[in-house]
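Working notes, structure below.
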Amino acid sequence: MFLTPLLVSLAVLALVAHALYQALSSPLNRIPGPLYSRFTSLVLKWHEFRAHRTRYVHQLHLRYGPAVRIAPSEVAFASAGAVREIYCSGGSGFDKTEFYDLFRVYGRRTMFTTLDKDQHARRKRIIADRYANSNIVRPKPLAGIAERAAKFAQRCTESVGGCLDIYVCLHAYAFDCVTHHLFHPHGTDSLLQGGKDEAIMREVTFDDSLQNRLFKHHYPTAHRFLHKLLYPFAKPRETPLADHFVLDSCDADDSAPFTLLDRLREPAHGLDPLDIAAECLDHMAAGIDTTGDALCFLMWELSQPRSMRYQRELQRELRRARRAAGPGSPAPAADGTPYLEAVVLEGLRCFPAIPMSLPRYVPPGGRTIDGYRLPAGTIVSCQPYSAHRIDTDVFPNPDAFNPERWLDPQGDADRKRLFFAFANGGRGCVGKHLALAEMKLLLQAVYSMFTTLPEATMTEADMEMSDQLISSRPAGQRCLLRFVPLHESELLDQE
């Protein structure tokens, strides 16, 4: 009887001793970081569950430098060299971790969630054609985006004398744009028609499943047994309206030649209907949140007194470009509006659509990153939020919004090397050109007609960054702006 508790105690002591030995002898101990990160990941997980991971990791970078150990087997980096090694070496960088399993759709793997490099490359070869800039700038795709930007401007006009919640309207705009690109002529009109289309957008935009999905990722066995008990406190992701909309849209047989659906259906690719629907739903959800959130943060910043001079310069450039193009002409090309280009780049630097860590496994044989030798299986990542701020030689005063830094030819190569808003390498964001077109056409439509100002009840706390799984949204999930029409004489006075 006496031996049983003694044996249990000895076993516990042996386990503790083994854990301490591993922690104290780990090759990662050379990497700077808080002492507790050698022994536990609980502090990191606490910040994840509170939607603060991005800012927590960034604070560690500010304290310890561009390489920081954030958990016993996880290291965060923020240098251009680390970005190149982790995400670009061998073409597509290191392998993704099981974290991406959280994004599976209808139980299927999409291009984004595929872990195997060869399978990812095959799927990307199918999809990349529809997101190439040469396809985005064709008349029909571009006209569809411009039409939806005009509808957003109509909502702005209707709000004059009051205010408009651009958080909702920008997500509606992004939803309508991405469904046009995926399914035309079966895209949505949530901006003006509302109804079922708006309900789908709200279901995706206001999803609140962060804690449940993180618990599932970190504690899968416990989640299997406790998911029903968790439901009242941490709901899983549930998007039945979006699910049915995509399945129904994929059943239509008249999709336009420029759409992703048309490309995925080509018999040579061998994709079954559920694979096609899963890919489309994945792109739709990503297109809503990333573009909607990035534009929301950017327009909020442009509306602040500290940034009003940038808004004024943007207005002058856009009106000059419109006058030069003549009445009835399409929106000016981006290469004729360098200030607009600078505003978009600075917006994505300060408020990247995906600011958080993009985790990867160090491959077999280990790797050396920023002078630190990392064993195989170590989780490594860079987060755009920190990569865009940590090197103050490249980005002086990095927390300040300053589009004019992008107009200085000196240091241009270094800025571009650290720009990580769309990730890098073979697994970078395939929708980059679509997102940029949506952002530029929306800003052209708004700032050639209006001055934007914050509504009096809005606070900085409403617009604090609230992390989701990899994207971030305003904490208050609202952004009220006032739209003041610009008159031609007013703009002439400014020039």
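The values are calculated or read from the model by the stated rules, or taken from the named source; none is laboratory data. None of these values were measured; they are calculated from a predicted model. Neighbour counts run over all protein chains shown; Cβ positions are idealised from the backbone, glycine included.
Worth a mention:
- Just one of (1) at pLDDT below 95; (2) not in a helix (DSSP H, G or I) fails for residue 257. It is (1).
- Looking only at segment 227-254, residues that are surrounded by fewer than 14 Cβ atoms within 10 Å (Cβ to Cβ) and among the hydrophobic types (A, V, I, L, M, F, W, C) come to 3 in all.
- Count of residues meeting criterion [of a type outside the set (A, V, I, L, M, F, W, C), part of a loop (DSSP other than H, G, I, E, B) and either under 17 Å from residue 58 (Cβ atoms) or without any contact (Cβ under 8 Å) to a residue 12 or more places away in the chain (or both)] in segment 372-392: 5
- Residue list for segment 165-188, restricted to those being surrounded by fewer than 24 Cβ atoms within 10 Å (Cβ to Cβ) and out of contact with any helix residue (DSSP H, G or I) (no Cβ under 6 Å at 6 or more places or on another chain): 165, 168, 184, 185
- Residue, farthest from the chain's Cα centre (by Cα), within segment 266-278, restricted to residues that are closer than 12 Å to residue 249 by Cβ and without any contact (Cβ under 8 Å) to a residue 60 or more places away in the chain: 273
- Number of the exception - residue 401 against (1) at negative phi; (2) touching a strand residue (DSSP E or B) at 6+ places or on another chain (Cβ under 7 Å); (3) in a loop (DSSP other than H, G, I, E, B): (2)
Condition check ((1) in a helix (DSSP H, G or I); (2) out of contact with any Asp or Glu (no Cβ under 8 Å at 6 or more places or on another chain); (3) of a type outside the set (Lys, Arg); (4) loosely packed, with under 15 Cβ neighbours inside 10 Å) across all residues:
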position	(1), (2), (3), (4)
28	yes, yes, yes, no
40	no, yes, yes, yes
45	yes, yes, no, no
63	yes, yes, no, yes
69	no, yes, no, no
84	yes, yes, no, no
110	no, no, yes, no
113	no, no, yes, no
119	yes, yes, yes, yes
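- Output for segment 459-472, where each listed residue is within 19 Å of residue 308 (Cα to Cα) and buried (at least 18 other Cβ atoms within 10 Å of the Cβ): 463
- Filtered by the rule that a residue be touching a residue at least 24 places away in the same chain (Cβ under 8 Å), part of a helix (DSSP H, G or I) and surrounded by 17 or more Cβ atoms within 10 Å (Cβ to Cβ), segment 89-108 gives 99, 103.
- The residue that is surrounded by the most Cβ atoms within 10 Å (Cβ to Cβ), among those in segment 350-371 that are β-branched (Val, Ile, Thr) and part of a loop (DSSP other than H, G, I, E, B), is 354.
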